[in-house]
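J.: Sharing a structure, written as C-alpha cells. Questions coming.
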Amino acid sequence: MSNNIPTRFPDLAPKGPSGELLLAAERAKTSFDVKDLSRFMYTKKWLDKMTQITEVLESEPAFDKTNRYYQSREEKISTSLWKDRRLTELVKEQKWSETETQIANFLFDQSTPFTLHYNMFIPTLRTQTTDEQKKLFLEPALKHHIIGCYAQTELGHGSNVQGLETTATYIPETNEFEIHSPTLTSSKWWIGGLGKAATHAIVMARLITNGKDFGPHPFCVQIRSLQDHRPLKGITVGDIGPKFGFNTVDNGFIMFEHYRIPHVAFLAKYSKVKAGSGEYVKPPNAKLSYGTMVFVRANIVMGSRFALAKATTIAIRYSAVRQQFVDAANPRKWDNKIIETPVIDYTMQQYRLLPAVAATYAFFFTGREMLRLYDLNQEAMKNGNFDLLADLHASSSGLKSLTTTMAISSIEDCRRACGGHGYSNFSGLGQFYQDYLPNVTWEGDNYILTQQTSRYLLKTFRNVVAGKAVPSEYNQTITYLTQYLENPKAKCPATKPADFLNPELILSAFGFRAAYGIAQVAEQIDRHGRTWNSMLVEIARISKAHCQFVLVRNFIIGLQADASLSTPERRPISNVLKTLSALFALYTMEQELAEFLLPGYLSSEQTAMLKAQVISLLDEIRPNAVGLVDAFALPDYFLHSALGKYDGKVYEAMTQMAEREPLNHTQVVQGYEECIKPLISQVRPKVAGDRMVFSRLLPSYKKKSKWCRVFIHFWEFSVTPLI
C-alpha cells in the first residue's frame with residue numbers, strides 16, 4: 001500500500017476465534033486426503049506446473065491483480081494488452097509449452113484482447129486450412145506476427161448462422177473475393193479482439209460464385225496495416241462500447257465496402273472454389289466439422305466446472321469463517337466459551353451451497369467422459385464410422401446449454417450466500433459473474449441449443465419405436481428409450497429414504513423421466529399435429545432431462561469404473577464422492593419433482609422420503625465441506641477474493657482492499673469546495689458554538705459510563721475534523 005494512502009483501520013483482531021483457526025478446525029474434520037483428491041482430478045504433473053507458474057506470475061507486474069477492481073475501461077484494456085505482450089515474452093523466457101501457457105491464462109482468469117486469437121483464430125487456422133494457408137496465416141499467428149479474431153456474429157444475426165448477410169463474391173477476372181456489408185445489420189458485431197487489437201479476422205461470409213449463393217464460409221482477412229495498425233481502405237472498424245461485463249476485451253464491429261482479398265484467403269481444407277472458373281467443390285463430408293464443435297463444447301463443460309469450483313470455494317470458506325447469531329439448541333463452543341455459529345452450520349446454508357459443490361464434481365466426470373468419447377469418435381471417423389457422432393454432438397449441445405446455465409445460476413447463489421459482503425467486488429464473485437455470463441450465449445445460445453438436442457432425441461425415439469435402433473455401450477439414449485417402451489407404466493420401487501441411495505434406482509428414475517418427456521413431445525407433434533414452435537417449452541425440457549441423465553450417469557458410472565478409486569488408500573475419497581453423487585442426483589430430482597410426479601413414477605410418500613434423504617446427505621457431507629473445495633486446488637492468486645482466502649483472514653483482506661480504493665487516497669473528496677462546503681458553511685457558527693459548549697463539558701463526561709466515552713471518541717475523531 002502506498003505511503004500516501006491514509007490508514008483507516010487500526011491493527012485490531014476480529015472478535016472471537018480468527019478465520020485462520022476456524023478453517024484449520026474445519027480442515028481437521030476432513031475424512032479424506034485432500035491433496036490426493038486434487039491429484040486424482042488434475043494429475044500431480046499438472047498441479048506441479050500450476051504451482052510453478054503461479055510463482056512466476058505473482059512476481060510479474062503485468063500479471064498483478066491488485067488494482068483489478070478499481071480500474072476504468074481504458075485502464076482495463078491497457079493493462080490487458082500489457083499482460084498479452086508480457087505473456088509472449090514469458091513463453092520464450094520460461095520455455096513454456098502450449099499447456100503451460102494455457103495454465104498461465106487460466107490463472108490470470110481474465111479475458112483480454114488476445115483471447116480470441118488463442119481460442120478461435122489459431123484453432124480455426126489449424127483445422128480448416130491447406131498446407132499453403134498454414135504457412136501464410138497459421139505460422140505468423142503462432143509467432144504473433146499477426147493478431148487475429150473470429151468475425152461471425154452480426155448486428156442482425158447471431159444464432160442463425162445461415163442468415164448472415166456479409167457477402168464474399170468471387171471475381172474470376174482478378175481471382176479475388178470481394179467482401180461486402182450490404183446492410184447496416186450485416187455489420188459484424190460483438191467480435192472479441194476486433195475493436196482495437198486484431199490485424200486479421202476469420203470472416204464468415206456468404207460465398208457467391210457464378211451467381212449462386214453457397215451460404216457462409218470462412219475467409220482469413222487482413223483488416224489493419226502491419227506498419228501503423230490503421231484500418232485498411234474499405235474497412236470501418238471500432239469498439240462496440242461498454243458492456244455488462246467482459247470489459248477487458250475490445251469487442252468490436254466491422255463493415256466492408258467492396259473490399260478485395262486474394263483467392264488464397266478462402267479457407268479451403270474442406271470446400272474449395274476453383275481459380276478462374278469459380279467452380280464450387282463441396283466438402284467430402286459435412287459431418288467432419290461436428291467433431292470440432294464437440295471438442296469446444298466439452299471444454300466449455302470443463303470450464304463450467306472451474307467456474308463452479310471458484311464460486312463454491314469462495315462461498316464455502318467464507319461460510320466457515322463468518323459467524324452469525326447463537327444456535328440456542330446447539331450452541332457452538334470455542335475454548336469452553338459459547339461463540340456465534342459459523343453460517344455453514346445452518347442447514348439452509350448447506351442446502352444452498354453443498355449441491356453446487358456436488359455439481360462441480362459432476363461436471364468434472366462428464367467433461368472427462370466427453371473428451372474420452374471425442375477421442376473415440378475421431379478414431380472412428382477416420383475409418384468412416386459415424387455411429388457415435390450424432391449422439392455425442394446432440395449431448396454436447398445440450399450439456400453446453402445445461403452446464404453453463406447451472407454455473408451462472410450457482411455463481412449468483414454463492415454470491416448471495418455470502419450476504420452483504422458478497423455484493424462487494426472484493427468477494428471475487430460480482431465481476432466474475434459478469435464476465436462468465438456470456439457463456440450462456442456464445443458458442444450457441446442456450447435455448448437454441450436445446451432444439452438441436454431434442455431433434456436428435458425425437459429422431460432416435462422414432463427409430464427405437466420402428467425397431468431401427470439397437471442399444472449400445474456408447475449410446476445410452478437408445479438404452480433408456482428401449483427400457484421405457486418395454487414398461488411405460490413403471491413405478492419407483494423405493495420404500496424408505498435410504499432406498500434412494502441405490503445407483504440403479506437413481507439411473508432408472510432419470511432414464512424414465514427423460515423417456516416419458518420425449519414420448520409425450522413425439523406424440524403431440526406426430527399424432528396431434530402440434531407445430532415445433534408451439535412445443536418449444538417442452539422441447540427445452542426434454543433436452544434438460546436428457547442432459548441431467550447424462551450428468552448423473554457419468555458421475556455414478558465414472559466412480560464405479562475408475563480403478564484408481566478402488567484402492568484401500570483411496571477408499572475415503574471414493575466414499576465421499578459417492579455421497580456427493582447421491583446428493584447431486586437427489587437434489588436434482590427434488591428440483592424437478594413435477595416431471596417425476598406427472599407420469600406417476602413417484603408417489604407423494606416417496607417425495608417426502610426423497611426430501612428427507614437430501615437433508616440427511618447434507619449432514620453427512622458437512623464435515624468435508626472445506627476439504628472438498630480445497631481439493632479444487634485453486635490458489636489465492638487465481639481466486640483474487642477477500643472472502644475466499646485460504647488462510648481465512650477475510651476481514652483483514654476486506655479492510656486492506658478498502659484502503660486501496662482510490663477515493664481513500666485523499667482525506668477530502670474532490671468536489672468538496674464546490675459542492676459540500678457551500679452547504680455546511682451556512683451552519684458553521686452554530687456548530688462552532690456547540691463545539692465550545694461541548695469542550696467545557698468534556699472533562700466531566702469522560703468520567704461517566706463506557707457509552708459516554710464511546711460518544712466522545714466518535715465526536716473527537718469524526719465530527720471535530722469537519723468543523
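J.: Is there a residue in the stretch 137-145 that is closer than 27 Å to GLY278 by Cα and over 21 Å from the mean Cα position of the chain (by Cα)? Before you say what the answer is, go through the steps one by one.
T.: Taking the stretch 137-145 and keeping what is closer than 27 Å to GLY278 by Cα, we get 137-138.
Imposing the further condition that a residue be over 21 Å from the mean Cα position of the chain (by Cα) reduces the set to 137-138.
Checked the stretch 137-145: at least one residue is closer than 27 Å to GLY278 by Cα and over 21 Å from the mean Cα position of the chain (by Cα).
J.: Being buried (at least 16 other Cβ atoms within 10 Å of the Cβ), part of a helix (DSSP H, G or I) and modelled with pLDDT under 95: is that true of ALA407 here? Write out each step before concluding.
T.: Details: buried (at least 16 other Cβ atoms within 10 Å of the Cβ): yes; part of a helix (DSSP H, G or I): yes; modelled with pLDDT under 95: no.
For ALA407, the condition - buried (at least 16 other Cβ atoms within 10 Å of the Cβ), part of a helix (DSSP H, G or I) and modelled with pLDDT under 95 - is not met.
J.: Here's something else I'd like to know. Can you spot a residue in the stretch 442-460 that is on the phi > 0 side of the Ramachandran plot, modelled with pLDDT of 95 or more, open to solvent by less than 60 Å² (accessible area, probe 1.4 Å) and of a type in the set (Gly, Ala, Ser)?
T.: Within the stretch 442-460, none of the residues are on the phi > 0 side of the Ramachandran plot, modelled with pLDDT of 95 or more, open to solvent by less than 60 Å² (accessible area, probe 1.4 Å) and of a type in the set (Gly, Ala, Ser).
J.: Got a sec? Which of ALA625, ALA642, ALA585 is in contact (Cβ under 8 Å) with a residue 60 or more places away in the chain and outside any helix (DSSP H, G or I)? Step through it out loud before you land on a result.
T.: Numbers: ALA625 fails: outside any helix (DSSP H, G or I); ALA585 fails: outside any helix (DSSP H, G or I).
Step by step, each of ALA625, ALA642, ALA585 is checked, and only ALA642 is in contact (Cβ under 8 Å) with a residue 60 or more places away in the chain and outside any helix (DSSP H, G or I).
J.: Of everything in the stretch 311-344 that's among the basic types (Lys, Arg) and open to solvent by 10 Å² or more (accessible area, probe 1.4 Å), which residue is farthest from PHE106 (Cα to Cα)?
T.: Initially, the stretch 311-344 is screened for residues among the basic types (Lys, Arg), giving 317, 322, 332-333, 337.
Keeping just the survivors that are open to solvent by 10 Å² or more (accessible area, probe 1.4 Å) gives 322, 332-333, 337.
Values: ARG322: 29, ARG332: 39, LYS333: 40, LYS337: 44 Å.
Here the answer is LYS337.
J.: From GLU60, GLU20, GLU74, grab the single residue that is more than 24 Å from ASN105 (Cα to Cα) and among the acidic types (Asp, Glu).
T.: Working: GLU60 fails: more than 24 Å from ASN105 (Cα to Cα); GLU74 fails: more than 24 Å from ASN105 (Cα to Cα).
Testing whether each residue is more than 24 Å from ASN105 (Cα to Cα) and among the acidic types (Asp, Glu) leaves just GLU20.
J.: Can I ask one more? Using the structure shown, decide if PHE500 is open to solvent by less than 10 Å² (accessible area, probe 1.4 Å), among the aromatic types (Phe, Trp, Tyr) and within 30 Å of SER304 (Cα to Cα).
T.: Values: open to solvent by less than 10 Å² (accessible area, probe 1.4 Å): yes; among the aromatic types (Phe, Trp, Tyr): yes; within 30 Å of SER304 (Cα to Cα): yes.
It is true that PHE500 is open to solvent by less than 10 Å² (accessible area, probe 1.4 Å), among the aromatic types (Phe, Trp, Tyr) and within 30 Å of SER304 (Cα to Cα).
J.: While we're looking at this one, here's another question. With respect to LEU12, determine if the residue is open to solvent by 20 Å² or more (accessible area, probe 1.4 Å), of a type in the set (A, V, I, L, M), within 23 Å of GLY648 (Cα to Cα) and not in a helix (DSSP H, G or I). Quick ask: steps written out before the conclusion?
T.: Numbers: open to solvent by 20 Å² or more (accessible area, probe 1.4 Å): yes; of a type in the set (A, V, I, L, M): yes; within 23 Å of GLY648 (Cα to Cα): yes; not in a helix (DSSP H, G or I): yes.
It is true that LEU12 is open to solvent by 20 Å² or more (accessible area, probe 1.4 Å), of a type in the set (A, V, I, L, M), within 23 Å of GLY648 (Cα to Cα) and not in a helix (DSSP H, G or I).
J.: Return the residues of the stretch 138-167 that are open to solvent by 60 Å² or more (accessible area, probe 1.4 Å) and not in a loop (DSSP other than H, G, I, E, B); say none if nothing qualifies.
T.: GLU139, LEU142, GLN162
J.: Given the conditions (1) in a helix (DSSP H, G or I); (2) over 16 Å from the mean Cα position of the chain (by Cα); (3) surrounded by fewer than 24 Cβ atoms within 10 Å (Cβ to Cβ), report the number of the one that ASP413 does not fulfil.
T.: Here ASP413 meets the rest and fails (2).
J.: All but one of (1) in a helix (DSSP H, G or I); (2) modelled with pLDDT under 75; (3) loosely packed, with under 11 Cβ neighbours inside 10 Å hold for SER681; which doesn't?
T.: Status for SER681: all satisfied but (2).
J.: Against the condition buried (at least 21 other Cβ atoms within 10 Å of the Cβ), of a type in the set (Phe, Trp, Tyr) and farther than 16 Å from PRO262 by Cβ, how does TYR170 come out, does it pass? Steps first, answer last, please.
T.: Working: buried (at least 21 other Cβ atoms within 10 Å of the Cβ): yes; of a type in the set (Phe, Trp, Tyr): yes; farther than 16 Å from PRO262 by Cβ: no.
No.
J.: Another question, then. Examine the stretch 108-126 for a residue that is farther than 23 Å from LYS196 by Cα and either open to solvent by less than 50 Å² (accessible area, probe 1.4 Å) or touching a helix residue (DSSP H, G or I) at 6+ places or on another chain (Cβ under 9 Å) (or both), and state whether such a residue exists. Quick ask: steps written out before the conclusion?
T.: Our first condition is that a residue be farther than 23 Å from LYS196 by Cα; within the stretch 108-126, this holds for 126.
So of that shortlist, the ones also either open to solvent by less than 50 Å² (accessible area, probe 1.4 Å) or touching a helix residue (DSSP H, G or I) at 6+ places or on another chain (Cβ under 9 Å) (or both) come out as 126.
Within the stretch 108-126 (the criterion being farther than 23 Å from LYS196 by Cα and either open to solvent by less than 50 Å² (accessible area, probe 1.4 Å) or touching a helix residue (DSSP H, G or I) at 6+ places or on another chain (Cβ under 9 Å) (or both)), the answer is yes, since at least one residue qualifies.
J.: Also: Do any residues in the stretch 62-80 that are touching a residue at least 24 places away in the same chain (Cβ under 8 Å) have Cβ atoms under 7 Å from those of residues that are hydroxyl-bearing (Ser, Thr, Tyr), where the two are at least six apart or on different chains, and which pairs are they?
T.: So the pair list comes out as LYS76/THR248; ILE77/THR248; SER80/THR112; SER80/THR248.
J.: Ok, one more. Pairs please, first residue from the stretch 249-272 and at positive phi, second anywhere and open to solvent by less than 30 Å² (accessible area, probe 1.4 Å) and not in a strand (DSSP E or B), Cβ atoms under 9 Å, 6+ apart in sequence or on different chains.
T.: HIS258/GLY234
J.: Could you say which residue among ALA201, ALA268, ALA205 is more than 30 Å from LEU429 (Cα to Cα), of a type in the set (A, V, I, L, M) and open to solvent by 10 Å² or more (accessible area, probe 1.4 Å)?
T.: That would be ALA268, the only listed residue that is more than 30 Å from LEU429 (Cα to Cα), of a type in the set (A, V, I, L, M) and open to solvent by 10 Å² or more (accessible area, probe 1.4 Å).
J.: For the subset of the stretch 593-622 comprising residues that are of a type in the set (Ser, Thr, Tyr) and free of Cβ contacts under 8 Å to residues at least 60 places away in the same chain, which member is most open to solvent (accessible area, probe 1.4 Å)?
T.: Taking the stretch 593-622 and keeping what is of a type in the set (Ser, Thr, Tyr), we get 601, 603-604, 607, 616.
So of that shortlist, the ones also free of Cβ contacts under 8 Å to residues at least 60 places away in the same chain come out as 604, 607.
Details: SER604: 84, THR607: 17 Å².
Selected residue: SER604.
J.: Condition first: outside any helix (DSSP H, G or I) and open to solvent by 10 Å² or more (accessible area, probe 1.4 Å). Can you find one or more residues in the stretch 534-543 that meet it? Spell out how you get there, then give the answer.
T.: Step one: of the stretch 534-543, the residues outside any helix (DSSP H, G or I) are none.
Looking for residues that are outside any helix (DSSP H, G or I) and open to solvent by 10 Å² or more (accessible area, probe 1.4 Å), one finds none in the stretch 534-543, hence no.
J.: Inside the stretch 246-275, can you point out the residues that are part of a loop (DSSP other than H, G, I, E, B) and farther than 13 Å from ILE77 by Cα? I'd like the intermediate steps shown before the answer.
T.: Step one: of the stretch 246-275, the residues part of a loop (DSSP other than H, G, I, E, B) are 246-251, 257-258, 267-271, 274-275.
The answer is GLU257, HIS258, LEU267, ALA268, LYS269, TYR270, SER271, LYS274, ALA275.
J.: Any residue at all in the stretch 649-659 that is more than 30 Å from GLY422 (Cα to Cα) and either modelled with pLDDT under 95 or touching a helix residue (DSSP H, G or I) at 6+ places or on another chain (Cβ under 7 Å) (or both)? Give the steps one after another, and end with the answer.
T.: Residues of the stretch 649-659 more than 30 Å from GLY422 (Cα to Cα): none.
The answer is no, given that none of the residues of the stretch 649-659 is more than 30 Å from GLY422 (Cα to Cα) and either modelled with pLDDT under 95 or touching a helix residue (DSSP H, G or I) at 6+ places or on another chain (Cβ under 7 Å) (or both).
J.: Something else now. Does SER31 fit the bill of being in a helix (DSSP H, G or I) and of a type in the set (S, T, N, Q)? Write out each step before concluding.
T.: On the way: in a helix (DSSP H, G or I): no; of a type in the set (S, T, N, Q): yes.
Answer is no for this residue.
J.: If you don't mind, there's one more thing I want to ask. For the stretch 461-517, give me the residue count where each residue is among the hydroxyl-bearing types (Ser, Thr, Tyr) and outside any helix (DSSP H, G or I).
T.: Here is the first cut: in the stretch 461-517, the residues among the hydroxyl-bearing types (Ser, Thr, Tyr) are 472, 474, 477, 479-480, 482, 484, 495, 508, 516.
Filter once more, so that each one left must be outside any helix (DSSP H, G or I): 472, 474, 495.
Matching residues across the stretch 461-517 total 3.
J.: What residue, among those in the stretch 417-428 that are out of contact with any Leu (no Cβ under 8 Å at 6 or more places or on another chain) and closer than 15 Å to HIS640 by Cβ, is surrounded by the most Cβ atoms within 10 Å (Cβ to Cβ)? Don't jump to the end; show me each part of the working.
T.: Initially, the stretch 417-428 is screened for residues out of contact with any Leu (no Cβ under 8 Å at 6 or more places or on another chain), giving 419-420, 423-425.
Those still in the list that are closer than 15 Å to HIS640 by Cβ too: 424-425.
Details: SER424: 19, ASN425: 17.
The residue in question is SER424.
J.: Still on this structure, please answer the following. Of the residues ARG68, ARG39, ARG27, which is closer than 25 Å to THR248 by Cβ and not aromatic (Phe, Trp, Tyr)? Even if it seems obvious, please write down each step before you answer.
T.: Details: ARG39 fails: closer than 25 Å to THR248 by Cβ; ARG27 fails: closer than 25 Å to THR248 by Cβ.
Only one candidate passes the filter, namely ARG68.
J.: Please verify whether the stretch 367-389 includes one or more residues that are modelled with pLDDT under 95, within 17 Å of the chain's Cα centre (by Cα) and part of a helix (DSSP H, G or I). So that I can check it myself, show each step before the final result.
T.: First pass over the stretch 367-389, keeping only residues modelled with pLDDT under 95: 367-389.
Now drop any that are not within 17 Å of the chain's Cα centre (by Cα), which leaves 367-368.
Keeping just the survivors that are part of a helix (DSSP H, G or I) gives 367-368.
Looking for residues that are modelled with pLDDT under 95, within 17 Å of the chain's Cα centre (by Cα) and part of a helix (DSSP H, G or I), one finds at least one in the stretch 367-389, hence yes.
J.: Let me ask you something else. It is to be established whether one or more residues within the stretch 514-528 are farther than 21 Å from LEU389 by Cα, open to solvent by 70 Å² or more (accessible area, probe 1.4 Å) and of a type in the set (A, V, I, L, M).
T.: no
J.: Which residues, counting only those in the stretch 271-301, are under 30 Å from TYR423 (Cα atoms) and either at pLDDT 90 or above or surrounded by fewer than 18 Cβ atoms within 10 Å (Cβ to Cβ) (or both)?
T.: Initial filter on the stretch 271-301 (under 30 Å from TYR423 (Cα atoms)): 299-301.
Correct list: ASN299 only.
J.: Taking the residues in the stretch 221-233 that are closer than 22 Å to GLN133 by Cβ and assigned to a loop (DSSP other than H, G, I, E, B) as candidates, determine which candidate is least open to solvent (accessible area, probe 1.4 Å). Show your work before the answer.
T.: As a first pass, look at the stretch 221-233 and keep what is closer than 22 Å to GLN133 by Cβ: 221-226, 232.
From the residues that got through so far, the ones that are assigned to a loop (DSSP other than H, G, I, E, B) too are 223, 225-226, 232.
Values: ILE223: 0, SER225: 21, LEU226: 93, LEU232: 49 Å².
If we take residues in the stretch 221-233 being closer than 22 Å to GLN133 by Cβ and assigned to a loop (DSSP other than H, G, I, E, B), then ILE223 is least open to solvent (accessible area, probe 1.4 Å).
J.: Okay, moving on. Of the residues that sit in the stretch 70-107 and are of a type in the set (Ser, Thr, Tyr) and buried (at least 17 other Cβ atoms within 10 Å of the Cβ), which one is farthest from TRP46 (Cα to Cα)?
T.: Once the filter is applied, the top-ranked residue is THR79.
J.: Further question: Here's a check for you: in the stretch 548-588, which residue that is under 12 Å from PRO355 (Cα atoms) and aliphatic (A, V, I, L, M) is surrounded by the most Cβ atoms within 10 Å (Cβ to Cβ)?
T.: Of the stretch 548-588, the ones under 12 Å from PRO355 (Cα atoms) are 579-588.
When the remaining residues are screened for being aliphatic (A, V, I, L, M), the result is 580, 582-583, 585-586.
Values: LEU580: 25, ALA582: 25, LEU583: 24, ALA585: 29, LEU586: 24.
That would be ALA585.
The values are calculated or read from the model by the stated rules, or taken from the named source; none is laboratory data. For clarity, every value in this text was computed on a predicted model and none was experimentally measured. Don't worry about glycine lacking a Cβ; one is built from the backbone with ideal geometry, like all the others, and counts go over all protein chains shown. Calculation scope for accessible area: heavy atoms of the full protein, side chains included, ligands and nucleic acids excluded. Shrake-Rupley method; radii C 1.70, N 1.55, O 1.52, S 1.80 Å.
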